[in-house]
Amino acid sequence: MATAVVNKDCDLNCPICLEKFNLPKKLPCLHTFCELCIQSYVQASETTEDTKFFRCPLCRFKIEWSTLSASEWTRSKLQTDHMILSLLERETNDSTPKQVYCEPCKIANEKNVAVYHCRDCKECFCEQCFNYLHKRKIDNNLHTVTGITPDTDLKPLEMDEPCPLHSGKVLEVFCFDHKKLCCSICFATDHRKCDTVTSLDEIANEKIETFDIDDFLNQLSEAEQCTQSAKDKAKENLGRINSDKESMLQSIADIISGTKSHLDTLHEELKLSIEKRFSDTENCQQFDIECLIAFQKTLIHDKSITEAIKDHGSIRQKFVTLEKTKDTLEKHFQRLCLAFNFSDAKKLVLEIEDKLKDVQMLSKLASLELEQLDENVMTDIKNTLCPLGFIGDHVTFQGSFPVSDDSFPQVSDPFFFAKTLSKWRIKFYKKEGKLSIYLECLSINCTNSSYEVSAEFCLVNQTDRKNDTIRRLSGTRQFCYDSRCWGFSSFIDWQMLEKEYISNNRMKIVVKVW
């Protein structure tokens with residue numbers, strides 16, 4: 001008998017209720033929950049702001065849900081996770097193994113047990129039909145034929161995956177130039193001139209697989225282990241923060257023990273400052289730990305699903321799942337790094353004033369500064385994810401911004417450069433009839449931290465892309481504590497901007513950092 005049972009380690013349980021998924025729904029961050037579970041979670045997370053939002057229970061990604069009720073939003077706006085449904089259905093259906101019969105014999109109203117399966121013909125054959133029918137087909141020697149055993153999976157999991165960018169379209173091709181899964185619209189608009197674009201059917205029909213799902217699973221396991229290590233280090237750092245706080249407070253107490261009222265006043269001010277700074281730092285560190293836990297859950301979840309697809313998915317589905325998981329991991333890793341407060345290991349250092357004894361001259365007792373340490377908890381995670389191919393040597397930011405007198409100055413949303421593990425944003429000013437554009441590094445919070453990058457700014461011409469205004473920073477610029485911004489104080493004349501670069505009161509800009 002031929003059977004196919006879903007991997008027992010496959011996580012088909014809702015992360016909220018810990019039971020089997022019931023009406024699985026996908027959030028925009030691609031994490032899946034029961035419909036009723038996520039509905040209850042959304043209701044409990046409702047804010048008092050005009051725009052309602054909540055954060056994914058796993059990755060903490062911020063998700064807006066407008067003015068609909070939680071039940072309406074989960075029912076009408078969230079996609080059903082058909083892959084999870086298929087895996088659940090397979091788990092149910094495969095609990096009772098079924099006899100497999102010869103397809104040609106069925107046509108003749110005969111019932112003979114099949115012993116061979118041809119992947120190319122997509123048929124099962126008994127011994128006689130295999131010898132007298134299949135072997136007489138043209139090029140039958142090129143077909144992939146396997147014997148049917150109790151472990152043979154005759155119906156590998158496969159489905160049309162929806163395009164995340166274009167509603168109603170399914171993924172059909174893969175662009176090897178950009179390493180992206182595409183629907184027909186993606187291909188026509190962004191990949192029409194690419195050199196290597198192959199349909200998923202062609203990839204699935206290749207005799208030799210163009211991907212290694214076992215290697216991918218190994219890399220996921222390694223990334224999970226590195227995330228666990230980073231989480232442990234973050235917890236250790238949290239303990240060190242508490243210890244350092246007590247040590248600093250004690251040192252200050254020892255110094256001021258012999259002073260009178262003025263020193264006591266400064267002492268109390270410093271105590272309050274330290275308590276607040278360490279409280280803020282502890283909260284940030286605790287948030288980092290939660291982010292790492294969430295990312296670890298994502299890795300475990302992706303690994304579990306990928307293992308299930310490895311055992312039961314078609315070659316096409318394996319490939320699609322692998323590439324989708326890569327793409328999802330890229331987004332979650334970027335979100336992790338953007339949300340991470342202590343991507344570099346730091347500690348608060350107390351700098352005591354030299355003239356502490358001359359209390360009448362002092363306005364403060366000490367100051368707290370973040371000191372850069374050698375270790376970076378994100379580096380090992382990045383290094384394990386590098387072989388997956390989505391951490392490139394550059395990052396491209398694209399954005400559309402309002403243009404009016406009251407819209408300046410303004411800044412873009414942060415974006416992440418994985419190669420340097422750094423956060424960036426674009427700043428805009430209107431100065432003396434000119435548009436000023438700057439690149440700002442957001443990861444510099446210590447006097448001894450710096451990043452060296454190059455950058456190219458492109459202001460998109462709304463009528464003819466050949467007339468885009470492109471300017472590049474000369475050479476490599478060092479972004480450091482005293483020089484966090486580089487750019488152009490006079491990027492383009494305002495009259496020229498209004499003439500050719502504004503549409504619907506908005507301008508578009510593309511910035512490449514490498």
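Data for the structure
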{"quantity": "For the range 213-388: Kirkwood Rh in Å [reciprocal of mean 1/r, alpha carbons]", "calculated": "19.0 Å"}
{"quantity": "Modelled FRET efficiency - R0 41 Å, Arg465 with Asn341, Cβ distances, 0.05 increments", "calculated": "0.55"}
{"quantity": "Cα principal axis extents for the range 395-513, largest first, Å", "calculated": "44, 28, 23"}
{"quantity": "On Cα atoms only, tilt of 213-256 relative to the major axis of the chain in degrees", "calculated": "20 degrees"}
{"quantity": "Amide H contacts of Ser449 (H built 1.01 Å from N, under 5 Å, at least 5 apart or other chain)", "calculated": "Tyr481"}
{"quantity": "Pairwise label distance in nanometres, Ile138 with Leu68, each label 7 Å out on the Cα-Cβ vector", "calculated": "5.3 nm"}
{"quantity": "Between 0 and 90°, nearest 10: helix 82-93 axis offset from the chain longest Cα axis", "calculated": "50 degrees"}
{"quantity": "Residue order, fewest to most beta carbons within 10 Å, for Phe287, Phe61", "calculated": "Phe287, Phe61"}
{"quantity": "Residues whose placed amide H lies under 5 Å from that of Ile492, excluding near-sequence neighbours", "calculated": "Leu435"}
{"quantity": "22 Å Cα-Cα reach of Lys364 towards lysines, excluding residues that sit fewer than 8 places from it in its own chain", "calculated": "Lys245, Lys260, Lys271, Lys276, Lys347, Lys355"}
{"quantity": "The range 200-304 - Kirkwood radius from inverse mean 1/r over Cα pairs (Å)", "calculated": "17.9 Å"}
{"quantity": "Options (i) 195; (ii) 213; (iii) 178 - which one matches volume of the Cα convex hull per residue in Å³ as calculated here", "calculated": "(ii)"}
{"quantity": "Acute angle (nearest 10 degrees) that the helix 315-339 long axis makes with the longest principal axis of the chain, alpha-carbon atoms", "calculated": "10 degrees"}
{"quantity": "Amide H contacts of Thr469 (H built 1.01 Å from N, under 5 Å, at least 5 apart or other chain)", "calculated": "Leu459, Asn461"}
{"quantity": "Structure-based [θ]222 nm, the chain - -39500 (n - 2.57) summed over DSSP H runs of at least 4, per residue, nearest 500", "calculated": "-12000 deg cm²/dmol"}
{"quantity": "Neighbour-count ranking [beta-carbon atoms within 10 angstrom, fewest first] of Asp302, Asp358", "calculated": "Asp358, Asp302"}
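Each value in this text was obtained by applying a stated rule to the coordinates, not by laboratory testing. Computed from a predicted structure; not experimentally measured. For neighbour counting, all protein chains shown are included, and Cβ atoms are generated from backbone atoms with ideal geometry for every residue, glycine included.
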